[in-house]
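Okay, structure first, notes after.
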Amino acid sequence: MNLPANHGGPGDPGLTWDNRFAALGSAFYTRLEPVPLPAPYWVGTSPGLARELGLDARWLESDAALHAFSGNTSLPGSEPLASVYSGHQFGVWAGQLGDGRALLLGGLQTPQGPMELQLKGSGLTPYSRMGDGRAVLRSSIREFLCSEAMHALGIPTTRALCITGSPEPVRREAIETAAVVTRVAPSFIRFGHFEHFAARGQFDELRQLADHVIEHFYPEALEGTGFDGNRYAALLQAVSERTAALVAQWQAVGFCHGVLNTDNMSILGLTIDYGPFQFLDAFDPDHICNHSDHQGRYAFMQQPPVVYWNLYRLGQALQPLIGDPAVAMAALESFKALFPAEFMARMRAKLGLTTAHDDDDTLIDGLLHLLADNAVDYPIFWRRLSHAVAAGDFEPVRDLFADRVGWDRWMLSFQELQALTGRAQDANLMLKINPRYVLRNHLGEQAIRAAQEGNYSEVHALQTLLERPFDDHPGFEAHAGFPPDWARHISISCSS
């Protein structure tokens, strides 16, 4: 079955392709078509993202779109391919990896600039290794919802245009059903792409890839400012800075990625590859959200140092282009300087503070220790604090702490510092930065269980809440409440 040619009719997606990654050449990918998904059905779509991409909303609801985004038909102008990359997984060199269950359809010209479309779960590729090339409904729903939730929180991320399901059985820990997520990003290039060519001594391809990234995504690095014209050192510094800002946002909102391998790190500083992620319930700096992470490598508070370790590996991969190792290390220093500054700025904003003071780091560190010692629910604390500042009543916040004396002591220190500095808290700022709704594990699990029975209403309800996470949404108060006891037993692994 073929889709109609692009003539602008009501059933036409109206796509204008610009396949820049495909132009890099065959060393970077393998061309192949997706494996058809039998009896596909819609699970969800993102009309907001469709509008941003300039897609015809009527077409997105059509059978033509359903089959195109399930891998059953070709979009005219697309050039499906699976890219090759390598990487470190759990700190160990894993060698060649690649798109084992994803296909890049190509790049689009959109009102938001160039964007790439990728199908995740579209079948076997030459890089599937021991996998089957499929994704399951469970993990696909989590990725679809979290991609759009992160975007609404203002955190850089890949996006999700739609998710389709199928009765096709897929074996994981148990038999599940297949699904395909259509992902959107300016680029899906990862740290692992650079590691691949560096490890193989393919330095011409390494340079070609770096030049491609600089030209299209980091033009400010072209002059090599600060590095005597060394554009590759400037690229490493720019990536380090974007990544530092990203991780600061994760830490401030309480987001655990779960699998921060180098092949899961975006060269653009985007959150990518939603696997065993989690938003914190009770604040626990040592929380491990991935039950496959037996050593706690990717525990919540380990994310900043692990990400720096990944950047160091990217620096090693770029070393043949940068030259002097000392120059590469200097480029990486920007992460160490920027991350704490970005994190403190975001934590001040969560407290409603619009100016900085030298004692803020001690104040915020003390608060985080207090939250951890009392296992205080992280999203609820910040939202209650926001309302408390607006209403002038802090008793609902105090009720969250078993150690009320400790909370009183911290509040007194905070108020004394405010009096000393003359700063006031901005409740409106707090309500705009501290979300009422996040994608907690139990909410995702409830939506998944309903979807597995053919009921997608909870997926759609969650999508609505998460697309406007700072609003109150009357009638959905329970979705912003404490997690049930059974939520502690939800087990999230790398299998998807």
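The values are calculated or read from the model by the stated rules, or taken from the named source; none is laboratory data. All values derive from a computational prediction rather than experimental measurement. In this analysis, Cβ positions are derived from the backbone assuming ideal geometry, glycine residues included, and neighbour counts consider all displayed protein chains.
Some notes on this structure:
- Positions within region 73-104 being in contact with a helix residue (DSSP H, G or I) (Cβ under 9 Å, 6 or more places away or on another chain) and outside any loop (DSSP other than H, G, I, E, B), in sequence order: LEU81, SER83, SER86, GLY87, HIS88, GLN89, TRP93, ALA94, GLY95, GLN96, LEU104
- The residue pairs whose first member lies in region 273-295 and is over 21 Å from ARG383 (Cα atoms), whose second member is of a type in the set (D, E, K, R) and surrounded by 17 or more Cβ atoms within 10 Å (Cβ to Cβ), and whose beta carbons are closer than 6 Å, counting only pairs six or more residues apart or on different chains, are TYR274/GLU143.
- Hits in region 18-46 - residues which are within 25 Å of the chain's Cα centre (by Cα) and closer than 24 Å to SER187 by Cβ: ASP18, ASN19, ARG20, PHE21, ALA22, PHE28, TYR29, PRO34, THR45, SER46
- Residue list for region 384-408, filter: outside any helix (DSSP H, G or I), touching an Asp or Glu at 6+ places or on another chain (Cβ under 9 Å) and over 18 Å from PHE482 (Cα atoms): ASP403
- Candidates in region 20-47 are the residues that are in contact with a His (Cβ under 9 Å, 6 or more places away or on another chain) and in a helix (DSSP H, G or I); of these, the one that is surrounded by the fewest Cβ atoms within 10 Å (Cβ to Cβ) is ALA23.
- Take the conditions (1) modelled with pLDDT under 95; (2) within 22 Å of GLN109 (Cβ to Cβ); MET1 misses just one of them, which is (2).
- Condition check for SER187: within 26 Å of SER86 (Cα to Cα), in contact (Cβ under 8 Å) with a residue 24 or more places away in the chain and in a loop (DSSP other than H, G, I, E, B): yes
- Qualifying residue in region 409-427 (condition: in a helix (DSSP H, G or I) and either touching a strand residue (DSSP E or B) at 6+ places or on another chain (Cβ under 8 Å) or among the hydroxyl-bearing types (Ser, Thr, Tyr) (or both)): yes
- Every condition in (1) crowded, with 21+ Cβ neighbours inside 10 Å; (2) under 23 Å from ILE141 (Cα atoms) holds for HIS291 except the one numbered (1).
- If you go through region 129-184 and keep only what is in a loop (DSSP other than H, G, I, E, B) and in contact (Cβ under 8 Å) with a residue 40 or more places away in the chain, you end up with GLY133, ARG134, LEU153, GLY154, ILE155, PRO156, THR158, ARG172, GLU173.
- The numbered conditions (1) more than 20 Å from the chain's Cα centre (by Cα); (2) of a type in the set (A, V, I, L, M, F, W, C); (3) crowded, with 20+ Cβ neighbours inside 10 Å are all true for LEU53 except (1).
- Counted residues, region 369-400 - those being in contact (Cβ under 8 Å) with a residue 40 or more places away in the chain and crowded, with 16+ Cβ neighbours inside 10 Å: 15
- Pairing each residue of region 401-427 that is without any contact (Cβ under 8 Å) to a residue 24 or more places away in the chain with any residue that is assigned to a loop (DSSP other than H, G, I, E, B), provided the two are 6+ apart or on different chains, yields C-beta distances under 7 Å for MET411/PHE394.
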